[in-house]
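The values are calculated or read from the model by the stated rules, or taken from the named source; none is laboratory data. Everything numeric here is computed off the predicted structure, so don't read it as measured data. Ideal geometry is used to build each Cβ from the backbone, glycine not excepted, and the neighbour counts take in all protein chains shown. Just the protein is used for accessible areas: all its heavy atoms, side chains included, with ligands, DNA and RNA removed. Shrake-Rupley method; radii C 1.70, N 1.55, O 1.52, S 1.80 Å.
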Amino acid sequence: MLLLQGAQMLQMLEKALVKSLPESLKVYGTVFHINHGNPFKLKALVDKWPDFNTVVIRPQEQAMTDDHDHYTNTYQIYSKHPQNCQEFLDSPDVINWRQHFQIQSTQSSLDEVIQNFATIKSFKVTYSNNLLYMTSETVNKLIPSLMDTKNLPPTGGKPKAINQDMFKLSSLDETHAAMVDKFWSYGGNEKSQKFIARCLRSFPSSCVLGPEGTPVSWTLMDQTGEIRMGGTLTEYRAQGLVSYAVYSQVQTMNKLGFPSYSHTDRKNKAMQKMSDALHHILMPCHWNQWVCSPL
């Protein structure tokens, strides 16, 4: 196990991961943010260098003090040969198997490895496999070959205009964490609310303010560069407001040079339709999350 330290090594890792997109997207996005301030104080581990097979991004040990906080205790993994990464993942100081934690990856092939560990280490796994989208701007910049076969709709990738007299674009702050958490399908508890507040302190967000000057639709991003946690108050749904918030968020991230992508539940046809309308490109690989709880 090798800890990559210093700007030069981390920038080399970022460039190497580009060659493996989109399968390396979750790890690439996280390494990108490590190289641009690292507000979550994450570290990158590899099995060997520079010709690595597996990369694990994780928090520093001093940040993982709550054994039950799988939002903080999150690992991003990419492996060139997932079937050969088990020994590295079982190395000391790579993954703390005694905690509640989660693993994120854009490689579904890691499921067999993680399920094997669940049997060996005695923990329960809750697995999510969802559709993965990347914005057309990010695809054009990082993997333009994926654009060659896409027949994008002629709408220009912009949302419908909103009523400027009723709605205004703005951003969130950490006082809105409870509101966001209430609508987040992976949230609903004190630890998730704390995680959302941390994201709001660290990264740009976008929202639409309603007639009373409070957020009615919103989205933000996490430490992997993913656009997440979009929501709309029930009484304001079906008006295209979340589409406007997501579009605003993408424009903000583009100006900052950030890669932007998102995931959508396979059953959420409305969000899939929105992604298509905004010219977000469906990736050939998937968004995967394994929430692991010791038995």
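A few remarks follow.
- Annotation note: Cβ proximity below 6 Å between a residue of segment 47-67 that is under 15 Å from Ile95 (Cα atoms) and assigned by the TED database to the domain that holds Ser79 and a residue that is polar (S, T, N, Q) and at pLDDT 95 or above (sequence gap 6+ or interchain) occurs for Asp47/Asn53; Asp47/Thr54; Thr54/Ser79; Ile57/Thr30; Ile57/Gln76; Met64/Asn73; Asp67/Gln99.
- When Ser202, Ser185 are checked against the criterion of being under 18 Å from the mean Cα position of the chain (by Cα), closer than 22 Å to Gly29 by Cβ and surrounded by 15 or more Cβ atoms within 10 Å (Cβ to Cβ), Ser202 stands alone in meeting it.
- Among (1) farther than 21 Å from Gln107 by Cβ; (2) crowded, with 23+ Cβ neighbours inside 10 Å - the single one Val31 does not satisfy: (1)
- Single match in Ala245, Ala277, Ala270 (criterion: among the hydrophobic types (A, V, I, L, M, F, W, C), over 23 Å from Asn35 (Cα atoms) and without any contact (Cβ under 8 Å) to a residue 24 or more places away in the chain): Ala270
- Subset of segment 252-295 [open to solvent by 20 Å² or more (accessible area, probe 1.4 Å), aliphatic (A, V, I, L, M) and not in a helix (DSSP H, G or I)]: Leu282, Val291, Leu295
- Scanning segment 194-209 for residues that are among the small types (Gly, Ala, Ser) and in contact with a Pro (Cβ under 7 Å, 6 or more places away or on another chain) yields a total of 1.
Okay, residues lined up against (1) modelled with pLDDT under 95; (2) hydrophobic (A, V, I, L, M, F, W, C):
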{"position": "Thr232", "(1), (2)": "no, no"}
{"position": "Ala245", "(1), (2)": "no, yes"}
{"position": "His263", "(1), (2)": "no, no"}
{"position": "Ala277", "(1), (2)": "yes, yes"}
{"position": "Met283", "(1), (2)": "no, yes"}
{"position": "His286", "(1), (2)": "no, no"}
{"position": "Trp290", "(1), (2)": "no, yes"}
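- Some residue of segment 147-167 being assigned to a loop (DSSP other than H, G, I, E, B), open to solvent by 70 Å² or more (accessible area, probe 1.4 Å) and at pLDDT 95 or above: yes
- The set of residues in segment 77-94 that are open to solvent by 10 Å² or more (accessible area, probe 1.4 Å) and closer than 20 Å to Lys26 by Cβ comprises Tyr78, Lys80, His81, Pro82, Gln83, Asn84, Gln86, Phe88.
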